[in-house]
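All remarks here apply to the structure that follows.
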Amino acid sequence: MWNPLGYWLGRWRDVRAAAKNRGQAVRFVVEYVALRSWAMLISCFPVETNLRTARLLGRIWWKLTFLEEERLPRFLRWLCRKRDRERAMDNLRPAFGDQYSEKQLQNIARRAMEHFAQLYLVELVMTPRVVNEWSWARHVELGNLGPALRELLRERGTIMITPHFGNFELLGYTIARLGLPLTAIMRPLDNPPLNEYLMASREAGGVTLLFKKGVSQAASEVVERGGTLCFIADQDAGHKGIFSEFFNRKASWYKSIGLLAMQHNVPIVVGGAARQRRGMHYRMDVERIIQPAEWQDRDDPLQWITDTFAQGLEAVIRRHPEQYLWMHRRWKSRPREERRAVEAAGGARKRATG
């Protein structure tokens, strides 16, 4: 007979063991209960109603970034994330400053906040329930996926990449629902019970998840046995990454994508799922398929592969810039020559003032 008290005591011991202290353990439990309660609440309403509410919350999020934190009570200051707006604008100006006015850039940033409020508050929670073998066509339109699907059906191994754009989880989730299982690389959440809940919901749809840390061997095995490996590829890779042009600035990219493709001689499929109209209505398209034959005779194949898929990801985003996560620190790491120039300039200023 199931003992609920014993079950939850056991779960608490697991959370307590994973947390640094009792306070963090309590926070983990509160976050988990909050997410499950939110998922239960929004399941009582149609997805379109929930998305309208989330879009409104996204607009409120944007408005709050204009408030002065000092004028708010301390317990409300976390809502006033001025840095989100500032970071989005700092990223948008170099990318589109020569094409759009400041007001237009602000409009893109606001719509991006509205989009990601809908994505994180509603779509990522409701996708496992509303997207299945029979209902996916109500929410997803298959664009020019023919060449990519042929690559997946060959079972020779394929790497699929997409940016933090549109509904990046829906891309892999829908393909898995179509009967083409795939493996996605993810960074585990700091909250263990929350992480387990999200993993279980994704794996129920046919998506196998691998944790990013120490994933090299497991990822290589997936490709070697002819599987499909998926990356959200626009993460900052730090100073040890390979730098390539992305929206008029050098960005750091992980070498693992190109190295895996070269090691196993497999293609890289670049694509995305973009919202087409209000509501949960997306179109999945492939921007570029990079074939092994294209890099075989290059002087620096790893750099060429990285440059090529970076250009492909940029092209995906340029069609719908309001659906990209401009708020994240994509250009945090800088190339060595830029760092040296900054250090030299700083040293010159010190000598001048000294």
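The values are calculated or read from the model by the stated rules, or taken from the named source; none is laboratory data. Only a predicted model underlies this, so the values are computations on that prediction, with no experimental measurement involved. Neighbour counts run over all protein chains shown; Cβ positions are idealised from the backbone, glycine included.
The figures follow:
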item	result
Candidate set: the stretch 119-167, residues that are farther than 13 Å from VAL286 by Cβ and small (Gly, Ala, Ser); chosen: the one surrounded by the fewest Cβ atoms within 10 Å (Cβ to Cβ)	ALA137
Candidate set: the stretch 300-336, residues that are in a helix (DSSP H, G or I) and touching a helix residue (DSSP H, G or I) at 6+ places or on another chain (Cβ under 6 Å); chosen: the one farthest from PRO94 (Cα to Cα)	PRO301
Boolean, ILE175 is modelled with pLDDT of 90 or more, assigned by TED's automatic domain parsing to the domain that holds GLU287 and surrounded by 17 or more Cβ atoms within 10 Å (Cβ to Cβ)	no
The listed residue being among the small types (Gly, Ala, Ser), in contact with a strand residue (DSSP E or B) (Cβ under 7 Å, 6 or more places away or on another chain) and within 30 Å of VAL29 (Cα to Cα), out of ALA148, ALA176, ALA184	ALA184
All positions within the stretch 175-197 that are in contact (Cβ under 8 Å) with a residue 12 or more places away in the chain and in contact with a Leu (Cβ under 8 Å, 6 or more places away or on another chain)	ILE175, ALA176, LEU180, LEU182, THR183, ALA184, ILE185, MET186, LEU194, TYR197
Answer from ASP285, ASP297 - the residue that is surrounded by 14 or more Cβ atoms within 10 Å (Cβ to Cβ), acidic (Asp, Glu) and at pLDDT below 95	ASP285
